[in-house]
Amino acid sequence: MEEIDRGAEGAPERWAARPLLLAGLGLATGIVVHLILGKSQIYENSLGTVQAALVLGVTLGAALIGFTIERRLWWAALLFGGVMGLFGYLIMLGNGAPGGWGAGEEWRLLSLVLALAIAAPLFQAARDEDTLRPSYRGVHDHVWANIVLWFASWLFVAIVWVMAVLLSELFHLIRIDFVRELLGKDWFGRAMTGLAFGSALGLLREHDVVVRTLQRVVAIVLAVLAPVLAVGLALFLIALPFTGVQALWDATSATTPLLLACAAGALILTNVVIGREDADERRNPALRYAAMVLAAVILPLAVLAAVATGLRIGQYGYTPERLWGVVFVGIALCWGAAYFVTLVLRRRGWARQVRPANLVLACLVCLLGFVLATPLISFNAISTRDQVGRLESGKIAPDKFDWPALAFDFGKPGRDALTRLRGSSNAAVRAEAVKAASAKTRWDLARSDARPDPADAVARNARMLPAGAVFPQGLIDVLSTSYLCHAESPCTVLMLSANEAVVFGRHCFAENNADAKPNTYPCLGGDRYVLSEGSWAEAQDTGVLTPAERAAAAAAYKEGKIEVRTVPRRQVFLGGMPVGAPFE
């Protein structure tokens, strides 16, 4: 087996061909992705399942090869990337194209990405150390190196694109549009992105000193933030007994994500301070105590998130998003419990015990991520059973049930349940199910179930002037498609004649607008509508000239035929004060 030389920090020997190899890999990946997609775009709902699966498999496989390949055991990186790419391809085939996903199913893809982000450094460290049980130091180094490489490579891609656009505009100034037209072609953009990413990744991996320097800079910057976050989170938890937790439960839709984000931040900054081994641990007392505080608050934050999630589920039942929240809360609880117990049992040597716990928990999260990425566990099916059970048991009335979620958010299980409910013996359930099944979009149901008719809203929220004036139905229909005359902003309609009206929105006269600078609210003059050829429409700007009128004006200007005349005008007056522009 070929031996490799290692530098002061265990870095493999340089491989001069790697930048060219990874640049070629990136270019080939971009071209292959274009051949798969053609004129389709990744974000389009029309993207086919096989197309999406091939794109995911190719990009994942190529990226993992790029991040993990070394001269020594290069075939192992090819095998690892190929197997993971095939796994991603099969997962996408099982889950279907993104355009057909239900609510929360995008988390399957993120779950796969998280699992691979953990699996890659585990593979790298195991390969480098020739063992199936890699050291924490090796995994730690590869995790941070991969993070730095990822963001630095995408930064390089962004710079390349900015430079290309600048050059295209520069050549455009001298009427050479070849570069601009090239950038507009899908094949070129995808190939250039792949080439730029691969080149940056290859160059950075070949200059590992730069990567290690960036790692140190990032660690220093994050370590400085540890005391700030520690003080903030400690004060938050101390204040809770005095302020009460009811406010947290009243905002349960936002509580869990915020608490989990704070717990994740505490976890990251804790590990930045304690480093990969005792020799790397920060010696500054402020940083060391901050790390202890951050390690201690993870568990209470996770417990609060668990209670908030439980309350939400108890009130409204399961949804895919809430089940994913349960998963993340469970992970946070495991990490928080491990850190809290270690702090209690080993106050001085807690960091030495936490590091191997990190490795074990990371392996468990990696396995969980792979499982949740597959269709083996369907959060849509679980949510559908729970919600339909609540409906059929009478816990929720048919008119209060979330029919749009069943029809459009819960995927195939939800649609199958909707088909079954169309034959329900309960007349109210059956009627709502038929209506939901016939809706083409969720907004159709929202309009029919929760929103008043727009035309009725206009008629109810309009004040007519002069008193007793008739509100033409055609004008009502036109205003129902505008921002005027809705429930939150009633309006006033001034009928100038049977064929002309001026509409004022109350928002223009609100008290908080009283101190506005002059001319800040031109809407004070209202919007003029006229009846023309049997249809009401907003009046056009009478200052717009026809081509013939513009030519005549230009000729008069050239000859100096300029004068000022006094003309009659029509304009809105409020309390004797003119507002807005004249009508004509």
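The values are calculated or read from the model by the stated rules, or taken from the named source; none is laboratory data. Keep in mind the model is a prediction, meaning the values are calculated, not measured. Glycine also receives a Cβ, built like all others from the backbone with ideal geometry; neighbour counts cover every protein chain displayed. Accessible surface is based on the protein model in full, side chains and every heavy atom, while ligands, DNA and RNA are left aside. Shrake-Rupley method; radii C 1.70, N 1.55, O 1.52, S 1.80 Å.
Would you mind finding the one in ILE159, ILE147 that is open to solvent by 30 Å² or more (accessible area, probe 1.4 Å) and either under 30 Å from ALA279 (Cα atoms) or not in a helix (DSSP H, G or I) (or both)? Outline the logic, then answer.
Details: ILE159 fails: either under 30 Å from ALA279 (Cα atoms) or not in a helix (DSSP H, G or I) (or both).
When all the criteria are applied, what remains is ILE147.
So, in the stretch 277-300, exactly how many residues are open to solvent by less than 50 Å² (accessible area, probe 1.4 Å) and either without any contact (Cβ under 8 Å) to a residue 60 or more places away in the chain or within 32 Å of the chain's Cα centre (by Cα) (or both)?
Taking the stretch 277-300 and keeping what is open to solvent by less than 50 Å² (accessible area, probe 1.4 Å), we get 281, 287, 290-291, 294-300.
The next check asks that each one be either without any contact (Cβ under 8 Å) to a residue 60 or more places away in the chain or within 32 Å of the chain's Cα centre (by Cα) (or both); those that pass are 290-291, 294-300.
Counting residues in the stretch 277-300 that are open to solvent by less than 50 Å² (accessible area, probe 1.4 Å) and either without any contact (Cβ under 8 Å) to a residue 60 or more places away in the chain or within 32 Å of the chain's Cα centre (by Cα) (or both) gives 9.
Among the residues that make up the stretch 441-450, is at least one of them at pLDDT 70 or above and under 30 Å from SER532 (Cα atoms)?
No, that holds for no residue.
For the stretch 176-207, give me the residue count where each residue is surrounded by 16 or more Cβ atoms within 10 Å (Cβ to Cβ), in contact (Cβ under 8 Å) with a residue 60 or more places away in the chain and not hydrophobic (A, V, I, L, M, F, W, C).
Qualifying residue count, the stretch 176-207: 8.
In the stretch 243-257, what residues are open to solvent by 40 Å² or more (accessible area, probe 1.4 Å), at pLDDT below 85 and not polar (S, T, N, Q)?
If the condition is that a residue be open to solvent by 40 Å² or more (accessible area, probe 1.4 Å), at pLDDT below 85 and not polar (S, T, N, Q), then VAL245, ALA247, TRP249, ASP250, ALA251, ALA254 are the ones that fit.
Condition test on GLY411, is it at pLDDT 90 or above, among the small types (Gly, Ala, Ser) and within 22 Å of GLU105 (Cβ to Cβ)?
Considered against the rule, which asks whether it is at pLDDT 90 or above, among the small types (Gly, Ala, Ser) and within 22 Å of GLU105 (Cβ to Cβ), GLY411 comes out as no.
In the set ASN380, ASN358, which member is open to solvent by less than 20 Å² (accessible area, probe 1.4 Å), over 23 Å from GLY94 (Cβ atoms), polar (S, T, N, Q) and in contact (Cβ under 8 Å) with a residue 12 or more places away in the chain?
ASN358
Kindly check whether there is at least one residue in the stretch 524-546 that is modelled with pLDDT under 70, open to solvent by 80 Å² or more (accessible area, probe 1.4 Å), on the phi < 0 side of the Ramachandran plot and outside any loop (DSSP other than H, G, I, E, B).
No, that holds for no residue.
For the list (1) closer than 30 Å to PHE401 by Cα; (2) open to solvent by less than 40 Å² (accessible area, probe 1.4 Å), I need the number of the one condition that VAL303 fails.
Status for VAL303: all satisfied but (2).
Restricting attention to the stretch 338-355, report how many residues are open to solvent by 60 Å² or more (accessible area, probe 1.4 Å), at pLDDT below 90 and not β-branched (Val, Ile, Thr).
So the answer is 6.
Determine if the stretch 456-471 includes at least one residue that is in contact with a helix residue (DSSP H, G or I) (Cβ under 6 Å, 6 or more places away or on another chain) and either at pLDDT below 85 or open to solvent by less than 70 Å² (accessible area, probe 1.4 Å) (or both).
Checking the stretch 456-471: at least one residue is in contact with a helix residue (DSSP H, G or I) (Cβ under 6 Å, 6 or more places away or on another chain) and either at pLDDT below 85 or open to solvent by less than 70 Å² (accessible area, probe 1.4 Å) (or both).
Do any helices (runs of 4 or more DSSP H) entirely within the stretch 311-405 hold 2 or more residues that are over 23 Å from the mean Cα position of the chain (by Cα), hydroxyl-bearing (Ser, Thr, Tyr) and under 18 Å from ILE268 (Cβ atoms), and if so, which?
On the way: elements: 320-345, 350-373, 379-392.
Here the list reads 320-345.
For the stretch 500-523, enumerate the residues that are modelled with pLDDT of 70 or more and over 18 Å from ALA459 (Cα atoms). Working first, answer last.
Within the stretch 500-523, the subset modelled with pLDDT of 70 or more is 500-509.
Selection gives CYS508, PHE509.
Return the total of residues in the stretch 313-346 being free of Cβ contacts under 8 Å to residues at least 12 places away in the same chain and among the basic types (Lys, Arg).
The qualifying residues number 1.
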